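Structure, as structure tokens:
The values are calculated or read from the model by the stated rules, or taken from the named source; none is laboratory data. These figures come from a predicted structure and were not determined experimentally. For neighbour counting, all protein chains shown are included, and Cβ atoms are generated from backbone atoms with ideal geometry for every residue, glycine included.
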């Protein structure tokens, strides 16, 4: 058996085409402010990709490039100005930040109604309360859309998430609970991880370790979502050994062109949602 590859790039393009059609008739275009501090090469690539994606659907990107030595007070002042600017609908701070800036202190400064990354404590708490009106973090939101593109009804399925980050693992766990899955979150202290993973109808891997998951972890006919993107001497690798997943699973996301394109598509979707919330009478 050969697994079916879930084409995240194709699904993301479909989302973007729908957004473009919804944005075109608006009296004013949604605007997204992107703040990048320092000169991290990977972050600069991500920001350029976000700018390009925004323009493709009719969202206006406004990028603020700040020097690495920017102080917390300076960054906070910029965020406050953007919070108070009615022409800006969404705000994101590109991570990682320089070592002297604590993301846990910076991200809550973004207004919850403009927090299109979904990282503000109020939005994170609303997700736990099953509040459909909250902003869902982009990668978890994209993961659920990828899963449901193959299995619209997830009721009763066993899901295992490897990784307990507040950005991916924990939000995905809550979203899958909302879909009536039985969810287990595994991490570095989990015992007998391969055996646990073999119970999973849905396996989501987000740990940042190249090819950690091999066929010994994968239940036959399962659905595997590989969130990892690791730069190695042999090119980009996911957290899952792709060839093993192809032989064992029913569905697998590739790296690249799996989760990554959907993350950006969901950022655009959240920005459009923010615009609608701010323009409701």
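Here is how the numbers come out for the structure above:
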quantity	calculated
Unique residue being in contact (Cβ under 8 Å) with a residue 24 or more places away in the chain, touching a helix residue (DSSP H, G or I) at 6+ places or on another chain (Cβ under 9 Å), part of a helix (DSSP H, G or I) and not assigned by TED's automatic domain parsing to the domain that holds residue 144 when the list is 10, 22	22
Answer from 41, 25, 30 - the residue that is at pLDDT below 95 and within 30 Å of residue 144 (Cα to Cα)	41
Enumerated helices (runs of 4 or more DSSP H) restricted to the range 94-167, each holding at least 2 residues that are buried (at least 18 other Cβ atoms within 10 Å of the Cβ) and not assigned by TED's automatic domain parsing to the domain that holds residue 66	121-128, 138-148
Scan of the range 198-217 for residues that are over 21 Å from the mean Cα position of the chain (by Cα) and closer than 23 Å to residue 256 by Cβ, ordered by number	214, 215, 217
Members of the range 175-188 found to be surrounded by 19 or more Cβ atoms within 10 Å (Cβ to Cβ) and either on the phi > 0 side of the Ramachandran plot or not in a loop (DSSP other than H, G, I, E, B) (or both), listed by number	175, 176, 183, 186
Strands (runs of 3 or more DSSP E) lying entirely in the range 218-280 (those with 1 or more residues that are crowded, with 22+ Cβ neighbours inside 10 Å and within 19 Å of the chain's Cα centre (by Cα))	223-226
For residue 153: the one exception among (1) within 20 Å of the chain's Cα centre (by Cα); (2) modelled with pLDDT of 95 or more; (3) under 30 Å from residue 217 (Cβ atoms)	(1)
